Amino acid sequence: MEHIAKYILYDGNCKFCTRTTQWLLRYDKQNVLTVLAVQMPEARTILKQSGVQFVNLSTIYFIDNGQVHTKSVAAFNILRYLSKPVYYLSYLRILPKWLTNFGYDVVAKYRHKL
């Protein structure tokens with residue numbers, strides 16, 4: 001069975017974002033996630049190949065099986081690949097997308113102060 005990469009692409013100039021991705025990797029017991037800063041050439045290539053023409057540094061990108069997820073949808077899909085108990089946070093995806101994206105946007109707005 002071929003391993004299809006699952007990419008987490010984030011703002012590498014954001015300390016909060018960097019700490020968060022490091023925290024996520026601690027719970028990636030199956031080692032299926034690849035983390036790259038969007039500023040890296042490899043990340044830009046992956047985004048372009050996935051159809052993303054404009055990179056928004058205020059969002060996280062999760063590319064899974066060729067499908068691009070952003071904001072809270074990306075976060076919930078990432079959490080699905082992590083070990084328990086963190087995995088259970090993925091159940092928050094049942095909340096309305098407008099609500100979870102609003103929360104995501106608030107954190108994203110102040111991420112450089114966190």
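Scanning the range 61-90 for residues that are part of a helix (DSSP H, G or I) and β-branched (Val, Ile, Thr), we see that the one that is farthest from GLY51 (Cα to Cα) is VAL86. Would you check if there is a residue in the range 71-79 being in contact with a His (Cβ under 9 Å, 6 or more places away or on another chain) and basic (Lys, Arg)? Within the range 71-79 (the criterion being in contact with a His (Cβ under 9 Å, 6 or more places away or on another chain) and basic (Lys, Arg)), the answer is no, since none of the residues qualifies. Among the residues of the range 59-113, write down those that are among the small types (Gly, Ala, Ser) and surrounded by 14 or more Cβ atoms within 10 Å (Cβ to Cβ). Hits for the range 59-113 are SER72, ALA74, ALA75, SER90, GLY103, ALA108.
Look at the range 14-33: where a residue is more than 15 Å from THR59 (Cβ to Cβ) and a partner is assigned to a helix (DSSP H, G or I) and not acidic (Asp, Glu), sitting 6+ places away or on another chain with Cβ atoms under 6 Å, you get TYR27/VAL86. Within the range 68-81, residues that are within 20 Å of LYS109 (Cβ to Cβ) sit with their Cβ atoms under 7 Å from residues that are of a type in the set (Val, Ile, Thr) and not in a loop (DSSP other than H, G, I, E, B), at 6+ positions apart or across chains, in these pairs: SER72/THR100. Checked against the criteria, VAL55 does not count as surrounded by 15 or more Cβ atoms within 10 Å (Cβ to Cβ), at pLDDT 95 or above, in contact with a strand residue (DSSP E or B) (Cβ under 9 Å, 6 or more places away or on another chain) and outside any helix (DSSP H, G or I).
Within the range 8-26, the set of residues being surrounded by fewer than 18 Cβ atoms within 10 Å (Cβ to Cβ), part of a loop (DSSP other than H, G, I, E, B) and out of contact with any strand residue (DSSP E or B) (no Cβ under 6 Å at 6 or more places or on another chain) comprises just one member, ASN13. Look at ILE46 and say whether it is within 14 Å of LEU9 (Cα to Cα) and touching a Cys at 6+ places or on another chain (Cβ under 8 Å). Taking the combined requirement at face value, the residue does not satisfy it. Kindly list the number of the only condition in (1) surrounded by 17 or more Cβ atoms within 10 Å (Cβ to Cβ); (2) touching a residue at least 40 places away in the same chain (Cβ under 8 Å); (3) out of contact with any His (no Cβ under 7 Å at 6 or more places or on another chain) that fails for ALA5. Condition not satisfied by ALA5: (1). Of all residues in the range 82-95, those that are under 12 Å from SER72 (Cβ atoms) and touching a residue at least 12 places away in the same chain (Cβ under 8 Å) have Cβ atoms under 6 Å from Cβ atoms of residues that are outside any helix (DSSP H, G or I) and not acidic (Asp, Glu), 6 or more apart or on another chain, in SER90/ARG80.
The values are calculated or read from the model by the stated rules, or taken from the named source; none is laboratory data. Predicted model only: the values in this text are computed from it and were never measured. In this analysis, Cβ positions are derived from the backbone assuming ideal geometry, glycine residues included, and neighbour counts consider all displayed protein chains.
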